[in-house]
1. Out of all DSSP beta bridges with both ends in the chain, state the antiparallel percent to the nearest 5.
2. So if the hydrodynamic radius of segment 105-153 is defined as the Kirkwood radius over C-alpha pairs, what does Stokes-Einstein give as its diffusion coefficient at 20 °C and 1.002 mPa s, in µm² per second?
3. Check Ala43: other-chain or 5+ apart residues with amide H under 5 Å from its amide H, H built from backbone geometry?
4. Taking the convex hull of the alpha carbon atoms in segment 174-223, what volume per residue do you get, in Å³?
5. For segment 71-207, with equal point scatterers placed on the C-alpha atoms only and solvent neglected, what are the log10 I(q)/I(0) values from the Debye formula at q = 0.12, 0.13, 0.20 1/Å, to two decimals?
6. Probe of 1.4 angstrom, ligands and nucleic acids ignored: what's the accessible area per residue over the chain, in square angstrom?
7. Cross-link list Lys308/Lys456; Lys105/Lys308; Lys105/Lys428; Lys302/Lys335; Lys308/Lys347: which exceed 28 angstrom alpha carbon to alpha carbon?
8. Of Gln540, Pro85, Leu287, which is farthest on the positive side of the dipole of the chain, counting Cα position, with +1 on Lys and Arg Cβ, -1 on Asp and Glu Cβ, and the Cα centre as origin?
Amino acid sequence: MGFSRRDFIYGVGRAGGYGAAFLTMRGMGLLDAHTALAEPLHAAPGSGAGVKVVILGGGIAGLVSAYELRALGYDPIILEARTRPGGRNWTVRGGDTVTFLDGTKQDCTWDPGHYQNFGPARLPSIHKTMLGYCQKLGVPLQVEVNMTNSAYLQNDNANSGKPVVMRQALNDTRGHVSELLMKCVNQGALDQEISAADKDRMLSFLRIYGPLDDAGKYTGSDRSGYTTTPGAGNQVGVLSSPIDMHTLLDEDFWQGMLFADAFDMQATMFQPVGGMDRIPYAFAKSLGDIITYEAVVTSLNKTPTGVKVGYTEKGQPKEIEAPYCICALPLTTLKTTPNDLSAPYKKVIAECVYASAYKIAWESRRFWEQDYNIYGGLEFASVGCSPIWFPSADMFTPRGIVVSGYTDEYNSPFGKLSIPQKLDESRKSIERLHPGHGKELEKPMYVTWGKIQYNKGSWIRSYGPGQDRYPGMALTRQTGAGRHPDARATQTNPGYQTLIEPDGRIFFAGDHVSHIVGWQEGAALSALRAVNQITAMTKQARLTSLNAVATTPA
């Protein structure tokens with residue numbers, strides 16, 4: 001059986017991960033990478049003059065919708081059930097109270113200036129739409145350190161359960177894989193499929209990528225770190241001994257090592273200074289009284305000329321009619337909202353399943369910086385609460401907020417534990433990677449999206465039986481990762497295909513109607529798409545009206 005160049009690259013990727021495949025392709029002169037841009041709005045300013053649009057939900061999708069509709073001259077009105085903007089974009093600070101659906105309350109007592117984003121916490125540089133709004137709205141950003149090579153990986157079944165430093169795991173893996181590939185090339189295993197020129201280029205690349213010695217062996221590298229660092233006088237640096245390949249091949253190490261190679265997890269990442277909710281509050285400042293707070297939607301119905309929405313404002317029943325509606329509510333909220341949507345939409349809403357991600361955050365002395373030289377980034381363990389997520393803000397200050405556990409607990413044993421038991425597991429995870437420091441954790445806050453009113457979930461898992469959002473969701477979400485779905489899975493998913501089209505004059509927006517589930521970028525792009533759909537329908541309605549007038553006998 002033939003072994004093509006594509007097969008070779010695929011094998012490199014399986015053995016060495018995305019980074020190895022990327023650099024192999026680059027070394028062989030094969031590389032083509034690009035990112036998608038947001039579709040521009042297809043309407044002129046003022047084209048929506050006099051047209052009212054009611055927007056259900058003041059999360060990112062609702063806020064972006066209102067912002068762009070207003071710029072086109074429309075009259076947008078946001079109905080937001082909470083007392084704040086942002087929806088699932090939510091930052092908790094000292095003095096806040098977190099209340100669950102069952103009435104459980106937690107009071108946050110963190111020191112002034114400390115916060116945790118109990119919703120989205122990263123802005124990838126490829127998410128140009130959201131970064132663009134931050135610039136337009138004057139939201140200052142800072143770098144979010146998504147991964148640091150000083151962080152630890154831990155697996156109970158490898159290295160006697162002792163943690164290993166990320167830089168050593170990554171670079172020793174590269175060394176071992178490079179040595180094996182060089183043996184394959186030198187033994188002529190690829191001669192029939194790789195030209196002599198490609199073979200020479202590959203060997204040169206592997207010597208550097210490994211790095212390998214003159215004999216093609218990997219014996220260690222300063223990239224992996226030192227047991228004794230170089231110093232002054234007679235202090236000569238002593239390289240760390242390479243970790244054996246058997247240990248590195250453990251699958252649970254691979255997940256952590258390759259986390260930051262995912263397309264939407266690569267550097268550079270950003271975060272708003274002071275908390276992710278700085279974004280929705282900036283939108284809210286710009287929109288002013290377009291947003292009505294404490295407005296709980298109680299019904300959604302079609303009319304001959306548009307929609308009618310029932311709601312309560314601070315407990316008082318009200319209703320509003322408009323030619324168009326953008327429904328930016330999570331489907332979990334829409335499940336319990338009386339409506340007269342068409343049967344296919346009702347089916348998707350009734351049968352959809354959302355994840356219930358949680359985060360457990362603690363206030364602590366910054367032992368990770370002061371004792372381990374870890375500044376931001378994530379650590380991964382094979383069991384317990386993982387990952388551990390260190391803050392990127394306010395480095396070098398005495399104390400900070402660390403997350404120990406960010407996972408989807410939907411239908412999992414962890415989800416069935418009591419809050420004290422979950423906090424105990426979270427503390428154990430810190431102790432597993434950093435013995436002796438679990439006792440430094442104080443003032444815990446546990447938040448799970450599924451138990452928060454008006455959220456009732458974090459991101460969509462499926463649109464109904466057999467309609468998983470995309471393959472591998474459970475795996476990627478164990479590390480709090482966003483992931484671009486397999487386009488083939490989405491394009492053939494009938495539930496998704498239903499929601500991306502309007503039901504009459506009701507349009508849907510939110511990350512669940514995007515290819516970027518769990519990210520604000522997906523919500524923003526879905527809003528822009530809904531605005532474009534409305535502008536097209538408005539234009540068509542006006543043309544129809546003009547034609548009717550023109551053909552009416554005088």
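1. 75
2. Rounded to a whole number, D works out at 153 µm²/s.
3. none
4. Once divided by residue count, the hull of segment 174-223 is 63 Å³.
5. Taking Cα atoms of segment 71-207 as identical point scatterers yields -0.87, -0.92, -1.23.
6. Averaged over the residues of the chain, the accessible area is 44 Å².
7. The pairs that break the limit, which is 28 Å between Cα atoms, are Lys105/Lys308.
8. Comparing the listed Cα positions along the dipole, Gln540 ranks first.
The values are calculated or read from the model by the stated rules, or taken from the named source; none is laboratory data. As the structure is a prediction and not an experimental result, all values here were calculated from the model. All Cβ positions, even for glycine, are placed from backbone atoms using ideal geometry, and neighbour counts span all protein chains on display. To get the accessible areas, we keep the full protein, side chains included, count just its heavy atoms, and leave off ligands, DNA and RNA. Shrake-Rupley method; radii C 1.70, N 1.55, O 1.52, S 1.80 Å.
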